[in-house]
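Enquirer: Below are the structure tokens for one structure; questions will follow.
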Amino acid sequence: MSTAVSTPTPGPMRQLLNAARTMFIAWGELADFILRSMGWLFFKRPSRGTLLPICFQVGVLSVPVVGITGLFIGMVLAVQSYAEFVRIPPLKDWLGVAINGSVIRELGPVLAATMLAGRVGSAIAAELGTMRVTEQIDALTCLGVNPLHYLVVPRFLACVLLIPLLTVLADFMGIMGGALISTQLYGMEPYRYWSLSQDKLGMWDIMTGLIKSVFFGASIALISCFRGFHSKPGAEGVGKAATESFVHSFIAILALDFFLSMFFNSIYRQLWPE
Amino acid sequence: MSLTGSIPLLDDQLPPAPPLVRLENVHMQFGPQPVLRAIDLDIRRGETTVIIGESGCGKTVMLKLMIGLLRPTQGRVFFDEQNLADLNERALTQQRLRFGYVFQGAALFDSLTVFDNIAFPLREHTRKSAQAIEESVLQLLAEVGLAPSLLTKKPAELSGGQRKRVGLARALILGPEIMLYDEPTTGLDPIMTDVINDLILQVPKRHPVTNVVVTHDMKTVMKVAERIVMFMPLSRVQPHEPQIIFDGTPTELAICSEPRVQQFVRGEARMSVP
């Protein structure tokens, strides 16, 4: 007969403390990672040969997916909004403002960032995770090259510099999609659709969306690189790193969106009080 | 003019050269798991030292401590009489350039071709022209016995032996003073194992270099070793027993009476009791 030796299960308080300690350490590691990466960003620029291929992957290869999703979200927005706006005829003229405002202020930046987190962030985490478990990151260190400078800085720059362009594309395609459905399918007069948008939406709306996108791009790059660098060994570890990078990036995008929207609204009220 | 400085000293009057690498009372622990305990080890200049031991006894950890990839939990690691813990990041990087590290899985950069992998250290640390870099790469490729037709291939297209040889060429290209080999023949067929062993032997003849080889392949041990150091996993030594249970020449290994050494040398599942 075999005798099983059972280890005592820690109590709920102990488990809570352990979880808090783990989370505290993880946040500390992330902060340290970000600070050291940012140090390298200002200390030494990455070479063009390192930066350009990553810009191609992050920017050019994301154009189709961002464009298509932007187009469809504008079209869906038109379908859903028209059904509500058409019930109250005076509101119908505001359909363009509602669609274009939603796209420019929120959906364009968030959608472009979500697509970037899914397409690029996961790929970054998987690539760096594989480099970690196959000792390629150690090899860089042994060859006298700092992995943060060589791997993180170019990815950070590519995400931060190119996400505003992808956001502009998502905005444009979303606006076009909304206009296409509203004017061609539901027969709205184009002049009435566009004129109120021109009056009610301005450079402030576009710029706040683009500034938000820069924060989204930075968070995607840093979270994805961090997850990749701290990937656990094996296929499971790399897969988990890729999944977690998307989930954490997505949460960060939504949280940042909330806080930045609050921040920009308060600035707006300060600059242009009612 | 004083003549005292010009009196030649006989070789046997010269003080012995200090060891190139010295580990002093090194302890290493990962979380709650101790791996190395109170290790004192000198790596003498110009010698090929082979570190052997069962899987999990801390051989690779030892190599990573020597090059400063890991910091000991306790104790000091000296390279060329400099304590690695005293060096800042830049100075440590300069010291690392005096090492060549051949990784167990070669750790070639997946996204680069064979040529770019071998040329990588030259591009990062020298101002050599493209032509000079190409000449250096071709010369090293010939030294490790690979055809120039492989230069345009990616690491994924290479066999295990080819990857190891490309990794060796990359490690040698900056003319290191010390070569660290981590399981250089693991996973190779017997012929390729012998090819790699020959290369390890040839390297000091072409470049003045100190070799440290970590392996559990006894054919490699007997072929390349001038000095053999055997480690035991901490789980198999008594609390006050040293972790290094053998330090001597191949001849001394053959006549060593320590049963655990003989068990390892003979590759026996059970220890033979004398």
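No value in this document is a laboratory result; all are computed from the given coordinates. Remember, it's a predicted structure, so these values are computed and weren't measured experimentally. Heads up, the Cβs are rebuilt from the backbone with ideal geometry, glycines too, and the neighbour counts pull from every protein chain shown.
Enquirer: Looking only at the protein assembly as shown, where both bridge partners belong to it, what percent of the DSSP beta bridges are antiparallel (to the nearest 5)?
Expert: Counting only bridges with both partners in the protein assembly as shown, antiparallel ones make up about 50 percent.
Enquirer: Where Rh denotes the Kirkwood radius from the mean inverse Cα pair distance, what is Rg over Rh for chain A?
Expert: 1.10
Enquirer: Could you give the Stokes-Einstein D for segment B:109-175 in µm² per second, using the C-alpha Kirkwood radius, 4 °C, 1.567 mPa s?
Expert: Approximately 111 µm²/s, per Stokes-Einstein.
Enquirer: By a straight-distance test (C-alpha under 29 Å), which lysines pair with B:K223 as possible cross-link partners, with residues fewer than eight away in the same chain excluded?
Expert: Output for B:K223: B:K59, B:K64, B:K164, B:K205.
Enquirer: A follow-up question, please. What span do the alpha-carbon atoms of chain B cover on each of the three principal axes, reported in whole Å from largest to smallest?
Expert: Taking the Cα atoms of chain B, the three principal extents are 64, 60, 39 Å.
Enquirer: Next question. Give me B:T249, A:T50 sorted ascending by neighbouring Cβ count inside 10 Å, so fewest comes first.
Expert: Ascending number of Cβ neighbours within 10 Å: B:T249, A:T50.
Enquirer: Okay, moving on. Calculated FRET efficiency, B:R123 and A:D199, Cβ-Cβ r, R0 41 Å, to nearest 0.05?
Expert: Working: r = 56 Å, r/R0 = 1.37.
It comes to 0.15.
Enquirer: Just tell me how shielded B:96-108 is by partners: mean number of partner chain Cβ atoms within 10 Å of each residue's Cβ, no decimals.
Expert: Numbers: counts 5, 3, 1, 3, 2, 6, 2, 6, 2, 5, 4, 10, 3.
Averaged over the peptide's residues, the number is 4.
Enquirer: For peptide A:140-153, how many partner chain Cβ atoms fall within 10 Å of a residue's Cβ, on average?
Expert: 5
Enquirer: Would you grab the residues whose amide H sits under 5 Å from the one on B:F246? Only those 5+ places off in sequence or on another chain, please, with H modelled 1.01 Å from N.
Expert: Those lying under 5 Å, H to H, from B:F246 are B:M230.
Enquirer: Roughly how many nanometres apart are two label points built 7 Å out from the Cα toward the Cβ at B:E81 and A:M23?
Expert: The modelled label-to-label distance comes out at 5.3 nm.
Enquirer: Okay, next question. I need the phi-derived Karplus couplings for segment B:133-149: 6.51 cos²θ - 1.76 cosθ + 1.60, θ = phi - 60°, integer Hz, Gly and Pro marked x.
Expert: Each residue's phi maps through the Karplus curve to give 5, 4, 5, 4, 5, 5, 5, 5, 4, 5, 4, 8, x, 10, 7, x, 5 Hz.
Enquirer: Seen from all sides and averaged, what is the projected area of the convex hull of the Cα atoms in the protein assembly as shown, in nm²?
Expert: Reported value for the Cα convex hull: 41.6 nm².
Enquirer: Oh, and also: Among the GluC sites (Glu not before Pro) in segment B:63-154, which ones are in a DSSP loop with at most 11 other Cβ atoms within 10 Å of the Cβ? Mind listing them?
Expert: B:E81
Enquirer: GluC sites (Glu not before Pro) within segment B:174-258: which are DSSP loop residues with at most 11 other Cβ atoms inside 10 Å? It would help to have the intermediate numbers written out before the result.
Expert: Numbers: sites: B:E177, B:E226, B:E252; in loops: B:E177, B:E226.
Passing sites in segment B:174-258 do not exist.
Enquirer: Follow-up question, since we're still on this one. Setting aside same-chain residues fewer than 8 positions from A:K232, which aspartates and glutamates have a Cα under 14 Å from its Cα?
Expert: Of all the aspartates and glutamates, those that pass the test against A:K232 - Cα under 14 Å, at least 8 places apart if same chain - are A:E127, A:E135, A:E244.
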